[in-house]
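The values are calculated or read from the model by the stated rules, or taken from the named source; none is laboratory data. None of the values given here were measured: they were computed from a predicted structure. In this analysis, Cβ positions are derived from the backbone assuming ideal geometry, glycine residues included, and neighbour counts consider all displayed protein chains. Ligands, DNA and RNA are stripped out before the accessible areas are found, and what is left, the full protein with its side chains, is counted by its heavy atoms. Shrake-Rupley method; radii C 1.70, N 1.55, O 1.52, S 1.80 Å.
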Amino acid sequence: MEKTLKLRAYTGETKSVATQASLAEEEKKSLELAKISALLEEERSKSLEHLKTIVQLRESLKQEQARSAELAKKMAEMEAKVKALAELEAGEMAKKNAQLEEERKKSLELMRTVEQHKESLRQEQAKSAELEAKAKNMGELLSKISSFAAMAKPG
C-alpha cells in the first residue's frame, strides 16, 4: 500500500503572506513587550522614588525620635529643678513662717512688758502724787507749827 500525498504547488505569495502574518505577530508581540518593558521601567522608577522617600522618612523619624528623647530628657531635668526649687522655697517659707511666729511671740511679750511698765509707771506716778500731796500737807503743817512756835516764844 502506497500512500500518496497531495501537495499544493508552491507559490511565492503564500510564503510571503504567512511570513507577513508571522512578522506582524512578532511585531505585535515586540510592541507589547516594549510596552510592558516601559511600564516595568516606569514602575521600577516609581518604586525607587518611593524607596528614597521611605529612606528619607525613616531618617526624619529617627531624627525626630532623637529630638523627642532629648526634649523629654530636658523636660525631666527641668521638672526636677522646679521640684527642687519648690522644695527649697517651701523650706524657706516654713523657716520664715517660724521666724515670723517667733517675732510675733516676742512682740506680744514686749507689749505685755510695756503694759506692765505703763501700769507700774501709773502706780508710781500715783504714789508720787500722793507723796507730793503728803509733803505739801507736811509743809503746811510745819509752817503752822513754826508759826505756833514763834508765837509761843517768849519774848
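When the residues of the stretch 1-49 are filtered to those that are β-branched (Val, Ile, Thr) and assigned to a helix (DSSP H, G or I), which remaining residue is modelled with the highest pLDDT?
Applying the filter and picking the extreme gives Ile36.
Taking Glu79 as the residue in question, decide whether it is open to solvent by 100 Å² or more (accessible area, probe 1.4 Å) and either modelled with pLDDT of 95 or more or in contact with a Pro (Cβ under 9 Å, 6 or more places away or on another chain) (or both).
Yes, satisfied.
Being of a type in the set (A, V, I, L, M, F, W, C) and open to solvent by 100 Å² or more (accessible area, probe 1.4 Å) is the filter here, so list the residues in the stretch 97-134 that pass it.
Matches in the stretch 97-134: Leu100, Leu110, Met111, Leu131.
Determine, yes or no, whether Lys46 is without any contact (Cβ under 8 Å) to a residue 40 or more places away in the chain and open to solvent by 100 Å² or more (accessible area, probe 1.4 Å).
Spelling it out, it is not the case that Lys46 is without any contact (Cβ under 8 Å) to a residue 40 or more places away in the chain and open to solvent by 100 Å² or more (accessible area, probe 1.4 Å).
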